[in-house]
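Peer 1: Dumping the structure here so I can ask a few things about it.
The values are calculated or read from the model by the stated rules, or taken from the named source; none is laboratory data. The shown structure was predicted, so the numbers you read here are calculated from the model rather than taken from an experiment. Because the Cβ atoms are built from the backbone with ideal geometry, glycine has one as well, and the counts that use them run over all protein chains shown. For accessibility, only protein heavy atoms count, side chains too; no ligands or nucleic acids. Shrake-Rupley method; radii C 1.70, N 1.55, O 1.52, S 1.80 Å.
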Amino acid sequence: MKRKNVHVKPYLLTKKLLPENQETPIHFLAGNITPLSYFYKRNHFSYPKLMTSFFHLQVEGNVKVPRTFSYNEILSLPTKTVKVMLECAGDKRSSFQPKTFGEQWGEGALSQGYWKGVPLRTLFQYTGIRGSAKEIVFEGHDTGMRTDITGIFAYERSLPIDKALHPDTLVAYELNGEPLSFKHGYPLRLIVPQWYAMASVKWLKKISVIDGSFQGPFQAVDYIYYPEKNRDAGKYPVTTMNINSTIQQPLDLAILDKGVHTIQGIAWTGEGEITKVEISTNDGETWMPAVLQPKTDSPYTWVNWTFFWNANAKGECTILSRATDSMGRIQPEEALWNRKGYGYHAICRVKVKVE
Ligand SMILES: Nc1nc2c(c(=O)[nH]1)N[C@H]1C(S)=C(S)[C@@H](COP(=O)(O)O)O[C@H]1N2
Ligand SMILES: [Mo]
């Protein structure tokens, strides 16, 4: 039978539906912004129920004048648009050996777009900040239970003052020219460039300035690198994204014809910028530079790269990509294993067979 009107539409890859955790199929991250339907989704709890209280943002704690901003007031403040990629700290977790706890993300827990909002620092022009302030805590409207500690918790995270007051740290209300979609934090979410995305708190409810260091479980239990299996020795917090790259094409385990192929992918880093991506088509014996596409309008996004490969020998072969940044960082052979599986960034490898 002939089938009509078959729409071949790629979908997100589902890790879990309750709460919703879905990743982007990496080979569909073609352009430089991620269409909403492919934007990865990561949630610790069920979606909060949208209520009128969501349209007020409280700023309190060690400020001179505590204040509540209405949504409309925030929309009326001077705006800033910044193109920022978000990457989940657990992106590529499934590559860790031995396996670690947490959602077994492949390579697609990342997306990017233009975020429009108000620089967070603008709000503090209205409230002031007391001299003793050390951190700023961001509370989301979503709450729920944890498996390790009893009680009901909100999703809450803090930032050091200097990162919070960076001019590109935003209270965002638009993504790619549309009001933020509910699942990505409508009406207001924090956007923290360069940090893993756990810092970009969705459904902002309250901002508190504190003079200590925040100890909520999403700060002091989760999002900590624990390099040792059974002890907490050597632990330190997850902050900026590691240098990383992903091969989008060919796909892992692809079967290719002999001839010229385009190897293509993306590379990114949480500090400085990508200066080089190298490709090996012989499992790391020799490396050749890929062509980096010109940097666009933001230092906070991935760069696209391509490499033309003449596959003239039949057989199996491993293709690797390795990025270097302006801070002198380079992707390692092996990522630092850690108990919760954060920050995987080893050299990317795909296996192909040429026939
Ligand atoms: N309120 C709230 N904010 C949150 C989270 C959450 O569960 N609740 N998850 C964080 C994590 S771990 C990630 S990776 C990003 C995911 O953002 P997205 O769903 O818009 O892609 O949101 C962050 N902000
Ligand atoms: Mo995340």
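Peer 1: Looking only at residues in segment 182-213 that are aromatic (Phe, Trp, Tyr) and either assigned to a loop (DSSP other than H, G, I, E, B) or farther than 27 Å from Gly272 by Cα (or both), which one is nearest to ligand 2 (Cβ to nearest atom)?
Peer 2: Among those that are aromatic (Phe, Trp, Tyr) and either assigned to a loop (DSSP other than H, G, I, E, B) or farther than 27 Å from Gly272 by Cα (or both), it is Tyr196.
Peer 1: Scan segment 262-287 for residues that are within 25 Å of Gln194 (Cβ to Cβ) and assigned to a loop (DSSP other than H, G, I, E, B) and jot them down.
Peer 2: Selection gives Thr269, Gly270, Glu271, Gly272, Glu273.
Peer 1: Which of the following residues is over 20 Å from the mean Cα position of the chain (by Cα) and under 25 Å from Leu75 (Cβ atoms): Ala154, Ala164, Ala172?
Peer 2: Result: Ala154 is the single residue among Ala154, Ala164, Ala172 that is over 20 Å from the mean Cα position of the chain (by Cα) and under 25 Å from Leu75 (Cβ atoms).
Peer 1: Cβ contacts < 7 Å: first residue more than 20 Å from Ser200 (Cβ to Cβ), restricted to segment 220-246; second residue at pLDDT 95 or above and of a type in the set (S, T, N, Q), any location; separation 6+ or different chain. Result?
Peer 2: Tyr226/Asn338; Pro227/Asn338; Ser245/Ser321; Ser245/Gln331
Peer 1: I would also like to ask the following. Working carefully through the options Phe96, Phe101, Phe55, find the one that is away from ligand 1 (no atom under 13 Å from the Cβ) and modelled with pLDDT under 95.
Peer 2: Only one candidate passes the filter, namely Phe101.
Peer 1: Restricting attention to segment 206-233, which residues are open to solvent by less than 30 Å² (accessible area, probe 1.4 Å), within 30 Å of Gly128 (Cβ to Cβ) and of a type in the set (Phe, Trp, Tyr)?
Peer 2: Phe218, Tyr223 - these are the residues of segment 206-233 that are open to solvent by less than 30 Å² (accessible area, probe 1.4 Å), within 30 Å of Gly128 (Cβ to Cβ) and of a type in the set (Phe, Trp, Tyr).
Peer 1: Also, I was wondering about something else. Kindly establish whether Thr318 is of a type in the set (Ser, Thr, Tyr), free of Cβ contacts under 8 Å to residues at least 60 places away in the same chain and more than 25 Å from Gly102 (Cβ to Cβ).
Peer 2: yes
Peer 1: Please give the strands (runs of 3 or more DSSP E) falling wholly within segment 86-165 in which 2 or more residues are in the same structural domain as Asn43 (by TED's automatic domain parsing) and farther than 29 Å from Pro299 by Cα.
Peer 2: 135-145, 152-160
Peer 1: Would it be correct to say that Asn282 is modelled with pLDDT under 95 and open to solvent by less than 80 Å² (accessible area, probe 1.4 Å)?
Peer 2: Considered against the rule, which asks whether it is modelled with pLDDT under 95 and open to solvent by less than 80 Å² (accessible area, probe 1.4 Å), Asn282 comes out as yes.
Peer 1: Check whether at least one residue in segment 22-45 is over 16 Å from the mean Cα position of the chain (by Cα), open to solvent by less than 70 Å² (accessible area, probe 1.4 Å) and at pLDDT 95 or above, and report yes or no.
Peer 2: Yes; the residues of segment 22-45 include at least one that is over 16 Å from the mean Cα position of the chain (by Cα), open to solvent by less than 70 Å² (accessible area, probe 1.4 Å) and at pLDDT 95 or above.
Peer 1: Taking the options Val303, Val277, Val352, Val291, name whichever one is without any contact (Cβ under 8 Å) to a residue 24 or more places away in the chain and in contact with a strand residue (DSSP E or B) (Cβ under 8 Å, 6 or more places away or on another chain).
Peer 2: On inspection, the qualifying residue turns out to be Val291.
Peer 1: Shifting gears a bit: Given the conditions (1) open to solvent by 10 Å² or more (accessible area, probe 1.4 Å); (2) small (Gly, Ala, Ser); (3) over 22 Å from Val65 (Cβ atoms), which single one is not true for Gly113?
Peer 2: Of everything listed in (1) open to solvent by 10 Å² or more (accessible area, probe 1.4 Å); (2) small (Gly, Ala, Ser); (3) over 22 Å from Val65 (Cβ atoms), Gly113 misses just condition (1).
Peer 1: Next up: Of all the residues that make up segment 180-208, how many are over 24 Å from Tyr225 (Cα atoms) and within 14 Å of ligand 1 (Cβ to nearest atom)?
Peer 2: Result for segment 180-208: 15.
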